[in-house]
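Notes follow the structure.
The values are calculated or read from the model by the stated rules, or taken from the named source; none is laboratory data. Quick caveat: nothing in here was measured; it's all calculated off a predicted structure. Quick reminder, even Gly has a Cβ in these numbers, built from the backbone with ideal geometry, and neighbours come from all protein chains shown. Accessible surface is based on the protein model in full, side chains and every heavy atom, while ligands, DNA and RNA are left aside. Shrake-Rupley method; radii C 1.70, N 1.55, O 1.52, S 1.80 Å.
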Amino acid sequence: MSDTLSIAIAGLGTVGTGTLQLLDRQARWLTERAGPALRVVAVADLDTGRDRGVNMDGIACYDDALKMVAETDADVVVELIGGSEGIARKVCETTIARGRHVVTANKALLAHHGMELAGTAEKVGVVLAYEAAVAGGIPIIKALREGLVGNRIVRITGILNGTCNYILSAMRETGKEFDEVLAEAQALGYAEADPSFDVDGVDAAHKLALLAAVAYGCAVNFDGIHIEGIRHITSRDITCAEELGYRIKLLGITRRVDNDSNGGVEQRVHPCLIPTGTPLAHVEDVLNAVAVEGDFVGPTMFEGAGAGAFPTASAVIADIVDIARGLRIFTFGRPVAELEKVPSLPMENHFSAYYIRLSVADKPGVIADISAILRDGDISMETMLQHGHAKTSSGAVTVVITTHEMREATMTNALAKIATLDAVEEPPCMIRMEAV
Ligand code: HSE
């Protein structure tokens, strides 16, 4: 084994800078733990002049990541550029083609092209590692692939997006609406200028696709994920949920169902009402958490920072140290050819209780009409909330209903009928109630 592992870092933004700083400050520790010394030999960023808080002597600086990959013979290239296409993809493809290891935090790239990249890495005999891509500093890929390897994973339930968790927590604490809290989160740097990947659930879905593949040994199937974001959640939903004993969280959930007639993998990202007394309900602000249930270990939960310079750098370094130690694990825990192609379970067969918010005209007979549709659909109500009344007889009032469990198609059919009632003024809002 060589006494040095050379590293090139593509992308010196928040995580890249954190990684440089961690490698610098923990150098002695890391050598003691990894064996070889970990030495950064090159970095690439459009802004090469900025002070990164570390001594850059002896590190080649490039403003073109592809040039860096072509000219540098580093053992490992750390890709921290991001994005599923473009430079990030080319950096990873070229690095693998050159027989070098890749460490990346790029969940979008792996959710869309992970199978192909993992297949090539396997043929070439290099590592493609991505601990930092899922839940930032939480070592959940290692936990699934190594610590829980003795289990069949039954279910994973995760708060996988810190931006959404922050927004929902702040809406609950302040009573403000989504748009206002999002604008504040952007001003604080918690939310991106273009927040759509986060608030529309796409970022969480990228992570869920990777978790499901590792947990079940199946092919990455991003297209099979049902995705809903949090833009439609109102502060009224949050207060009604609290009154009913629940909190609203954006969850990524995956479950393997093995039976002869209806086998497959459930993969869904959407807001959920979860009971206030459960651990996940108390994971607040920007934190992430992943609850994993294994058949032998039972329920486990991992919580921590899902983003940020140092937590994400911590995960990047874990992959680098694995490579330095000579650990060679398949990207998704088994050879790509052996990853099963398992169908995604359709949402219409999902079984759940539901929270329904309706905006209805405040006049006699409206609830009777709604109840008739629920009765005809064989839907049983659990609770109904209406606070106060509208200021005029033709004004709208919010009615919240929770139901017993049923097939999702039953609920959506009834809601389609409810939406056609003259007294119903907005499309109904449906949020799944989740036993976590
Ligand atoms: N933007 C993500 C989040 C972190 O808000 O959790 C990186 O995936």
- Item | Paired Rg and Dmax values of the chain, which use every Cα atom, in angstrom | 24.1, 81
- Note down the accessible area of residue 98, probe 1.4 Å, to the nearest 10 Å². 90 Å²
- Task: Find the eigenvalues of the gyration tensor of the Cα atoms of the stretch 294-429, then list the square roots of 5 times those eigenvalues as equivalent ellipsoid semi-axes, largest first, in whole angstrom.
- Result: 49, 21, 13
- Message: Tell me which trypsin sites (Lys or Arg not before Pro) from the stretch 1-50 have a DSSP coil assignment and no more than 10 other beta carbons within 10 Å of their own.
- Response: 50
- Task: Mind grabbing the accessible area of residue 90 for me, 1.4 Å probe, Å², rounded to tens?
- Result: 110 Å²
- Message: For the stretch 203-282, take every pair of Cα atoms, bin their distances at 5 Å starting from 0, and report each bin as a whole percent.
- Response: 3, 15, 21, 18, 17, 13, 9, 4, 1
- Query: Which residues in the stretch 147-178 place their backbone N less than 20 Å from a point set 7 Å from the Cα of residue 26 along the Cα-to-Cβ direction?
  - Reply: 147
- Sticking to Cα atoms, compute the Rg of the stretch 117-263 to one decimal and its Dmax as the biggest Cα-Cα distance, whole number, in Å. 17.7, 57
- Note on the structure: With no solvent term and unit scatterers on the alpha-carbon positions of the stretch 60-119, Debye gives log₁₀ I(q)/I(0) at q = 0.14, 0.17, 0.26, 0.29 Å⁻¹ of -0.33, -0.49, -1.13, -1.36
- Item | Value of Rg to Rh for the stretch 218-345 (Rh from inverse mean 1/r over Cα pairs, i.e. Kirkwood) | 1.02
- Message: Give me the Å³ per residue figure for the convex hull around the C-alpha atoms of the stretch 338-379.
- Response: 102 Å³
- How big is the Kirkwood radius of the stretch 382-436, worked out from every pair of different alpha carbons and given in Å to one decimal? 13.0 Å
- Roughly speaking, what is the centre-to-centre gap between the stretch 292-321 and the stretch 327-386 when only Cα atoms are used, to the nearest Å? 29 Å
- Message: Largest first, please: the extent of the C-alpha atoms of the stretch 1-153 along each principal axis, to the nearest Å.
- Response: 48, 36, 30
- Query: Can you put 354, 190 in order of accessible area, largest first, using a 1.4 Å probe?
  - Reply: 190, 354
- Query: So which chymotrypsin sites (Phe, Trp or Tyr not before Pro) in the stretch 265-344 pass both tests, a DSSP loop state and at most 11 other Cβ atoms within 10 Å of the Cβ?
  - Reply: 296
- Task: Determine, for each peptide in 243-256, 176-189, 423-436, the mean count of other beta carbons within 10 angstrom over its residues, then list the peptides with the highest first.
- Result: 243-256, 423-436, 176-189
- Message: Report the Cα centroid-to-centroid distance between the stretch 74-88 and the stretch 241-284 in angstrom, as an integer.
- Response: 32 Å
- Message: Based on alpha-carbon centroids, what's the gap between the stretch 1-62 and the stretch 170-198 in Å, whole number please?
- Response: 33 Å
- Note on the structure: Reported to the nearest 10 Å², residue 14 has, with a 1.4 Å probe, an accessible area equal to 90 Å²
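Ranked by accessible surface with a 1.4 Å probe, highest first, in what order do 61, 240 come? Each step should come with its number before you reach the end.
On the way: 61 70, 240 5 Å².
Result, largest first: 61, 240.
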- Ranked from the most accessible area to the least, with a 1.4 Å probe and all protein chains present, what is the order of 382, 284? 382, 284
- Return the distance in nm (one decimal) between the two label points of a simple spin-label model at residue 376 and residue 234, each offset 7 Å from Cα along Cα→Cβ. 2.6 nm
- Note on the structure: Over its alpha-carbon atoms, the stretch 83-182 yields an Rg and a Dmax in Å of 17.6, 54
